Amino acid sequence: MAQKRAVVRQSLPDVIVADLRNRILSGDLAEGELIRQELLAEEYDVSRMPVREALKRLDSEGLVVFTNNKGATVTKHSLDEIAEIFDVRKLLEINLFKRAIPLMTEHHFTQCDALLEEMEASYAAGNVADWGPLNAQFHGVLYEAAHQKLTMQLLERVSLQANRYVSMHIDQLRKADNAEHDHRGLLEFARKGDITAAADLLSSHLENTKVQILELITSTRAQ
């Protein structure tokens with residue numbers, strides 16, 4: 001008898017969630033845009049049930065605002081809310097990075113190097129939608145050694161919100177070179193075990209990103 005193999009199966013809602021999430025993070029679905037269940041069902045060639053389930057999940061992630069029998073709209077944060085997202089992210093990440101650095105091993109450094117190469121390649125190829133998730137993975141590996149499960153779960157939710165704006169920031173402001181320089185610096189300070197320098201660079205990296213994103217969104221909304 002042939003050996004059985006485990007196969008990862010995705011339900012229809014899983015597939016739709018992943019695709020819609022990617023479209024929101026890439027900016028293909030803009031903030032405030034109405035998403036109608038019947039149109040999505042037709043687009044994905046499915047019934048409304050898996051579409052409704054997918055929208056409810058995205059609502060729980062904060063990416064859409066779902067209303068029964070109407071559909072959903074892509075979440076539009078106020079400028080103060082966007083600033084808060086990045087301020088919370090900053091608090092969580094600096095704490096995690098400080099805890100992680102003394103515990104990081106060559107395994108973590110190798111993973112970070114590989115992710116940085118993927119990020120640089122994805123941006124060079126114009127795959128901006130891939131850059132945001134890779135950026136989140138890179139930061140996640142930087143903090144993995146801290147073994148702070150609850151804090152990482154909080155950061156994952158905040159980062160999901162921030163990724164929409166990070167991708168926009170990189171694509172429209174052409175700041176990939178700056179981000180690459182900062183990421184390489186973070187990794188280098190971590191290798192040296194220089195917690196103070198690493199925390200200072202991470203703080204300025206996240207603060208600069210926040211300021212530039214707020215400027216961009218303010219300008220975009222004014223138009």
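If the viscosity is 0.692 mPa s and the temperature 37 °C, what translational diffusion coefficient in µm²/s does Stokes-Einstein give for region 15-57 when Rh comes from Kirkwood over Cα pairs?
312 µm²/s
Only Cα sites of region 96-223 enter the Debye sum here, all with the same form factor; the resulting log10 I(q)/I(0) across q = 0.16 1/Å is -0.80, listed in q order. Only protein atoms count toward the accessible area here, which uses a 1.4 Å probe; on the chain, the carbon and sulfur part of that area reaches 51 percent.
Averaged per residue, the chain has 55 square angstrom of accessible surface, using a 1.4 angstrom probe with ligands and nucleic acids left out.
Distance between the C-alpha centres of region 93-147 and region 186-214: 13 Å, rounded to the whole angstrom.
Magnitude of the charge dipole for region 10-163, about its Cα centre and with charges confined to Cβ atoms of Lys, Arg (+1) and Asp, Glu (-1), is about 580 debye. Hydrophobic, long helices, defined as DSSP H runs whose alpha-carbon span along the helix axis is 20 Å or greater and whose mean Kyte-Doolittle value is at least -0.5, occur in the chain at 12-26, 79-100, 128-144, 149-173, 195-222. When the distances between all Cα atoms of the chain are binned every 10 Å from zero, what whole-number percent does each bin get? The percentages, shortest bin first, are 7, 30, 32, 21, 8, 1, 0.
The values are calculated or read from the model by the stated rules, or taken from the named source; none is laboratory data. What you see is a predicted model; the values in this text were computed from it and never measured. Ideal geometry is used to build each Cβ from the backbone, glycine not excepted, and the neighbour counts take in all protein chains shown. All accessible areas refer to the heavy atoms of the entire protein, side chains included, with ligands and DNA or RNA removed. Shrake-Rupley method; radii C 1.70, N 1.55, O 1.52, S 1.80 Å.
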